[in-house]
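Here is the structure we will look at.
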Amino acid sequence: MIAAVILSAGESSRMGRPKALLTITGQTFIEKIVKALRQSKVSRIVVVLGHNADEMRRQIESLPVEIRVNPNYQLGQLSSLQEAIRGLEADPQCDGILVHLVDHPYIDPALVDQMIERFYDAKKLIVVPRYQGKRGHPVIFSRELFTELLSAPLDQGAKAVVNAHRDETLEIDTDDAGIAVDIDTPELYRQHVKGE
């Protein structure tokens, strides 16, 4: 099975308020992402919190997710991914993780399912979607990379692992522009939500 990991531990300093709780199409980013993932073939959904974790937990505790808290969230995204992996690696059923960022609210269940199917068919270590030549999210990492991800340099993030396995990466071209939409500033939020 594939477990989904939503990274939502950062301070949202550029946005000025928690990105997970911003609203779009009548729901919060985190609700929108979880709803999409629930319609896909992922078997578990793990949300990693960090900054203001207690308050964030209260806001999302009704969602059908497992919550993990990264006490070292200031060390960056990879530290949150590592926190999720430590919680999942003991599960022998977990073949890999589908990693998604909370500031990417557009996620298509059909694309997620396609990525999971291709992951099993192609037997590649990494699966990443691509829109007009640009890579986006989510990204699937095989269980075989867990040890590498856990020992990767925090300042380089998961990119170090991705770059080390270019030949074992499957890129899936998609016409879904949402994979590349990263809403991490008030300007981008206004641009995409259009005053909602």
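Taken over segment 173-185, the residue count meeting the criterion of being loosely packed, with under 15 Cβ neighbours inside 10 Å and of a type in the set (A, V, I, L, M, F, W, C) is 1. List pairs: first residue in segment 87-102 and in contact (Cβ under 8 Å) with a residue 12 or more places away in the chain, second residue among the acidic types (Asp, Glu) anywhere in the structure, Cβ distance under 8 angstrom, at least six positions apart or on different chains. Pairs that qualify, where the first residue is in contact (Cβ under 8 Å) with a residue 12 or more places away in the chain and the partner is among the acidic types (Asp, Glu), are GLY87/GLU66; LEU101/ASP182.
For segment 72-87, the condition holds for no residue, the condition being that it is in contact with a helix residue (DSSP H, G or I) (Cβ under 9 Å, 6 or more places away or on another chain) and in a strand (DSSP E or B).
Scanning segment 143-184 for residues being in a helix (DSSP H, G or I) and of a type in the set (S, T, N, Q) gives a total of 3. The residue that is surrounded by the fewest Cβ atoms within 10 Å (Cβ to Cβ), counting only those in segment 1-55 that are over 13 Å from the mean Cα position of the chain (by Cα) and of a type in the set (A, V, I, L, M, F, W, C), is MET1. For LEU37, the requirement of being outside any helix (DSSP H, G or I) and out of contact with any Gly (no Cβ under 9 Å at 6 or more places or on another chain) is not met.
Yes/no matrix, rows are residues, columns are (1) closer than 20 Å to ASP91 by Cα; (2) over 18 Å from the mean Cα position of the chain (by Cα); (3) crowded, with 18+ Cβ neighbours inside 10 Å; (4) not acidic (Asp, Glu):
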position	(1), (2), (3), (4)
GLY136	no, no, yes, yes
PHE141	yes, no, yes, yes
PRO153	no, yes, no, yes
VAL161	no, no, yes, yes
GLU171	no, no, no, no
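Every residue in segment 120-134 that is within 19 Å of ALA110 (Cα to Cα), of a type outside the set (D, E, K, R) and over 16 Å from the mean Cα position of the chain (by Cα), please. The answer is TYR120, ALA122, TYR131, GLN132. Counting the residues of segment 102-115 that are in contact with a strand residue (DSSP E or B) (Cβ under 7 Å, 6 or more places away or on another chain) and surrounded by fewer than 22 Cβ atoms within 10 Å (Cβ to Cβ) gives 2.
Screening GLY96 with (1) more than 23 Å from GLY10 (Cβ to Cβ); (2) surrounded by fewer than 22 Cβ atoms within 10 Å (Cβ to Cβ); (3) under 18 Å from the mean Cα position of the chain (by Cα) gives one miss only, at (2).
The numbers here are math on the coordinates, done by the rules we state, and not lab data. Every value quoted in this text rests on a predicted model; they were computed, and no experiment measured them. Positions of Cβ are generated from backbone atoms using ideal geometry, with glycine treated the same way; all protein chains shown enter the neighbour counts.
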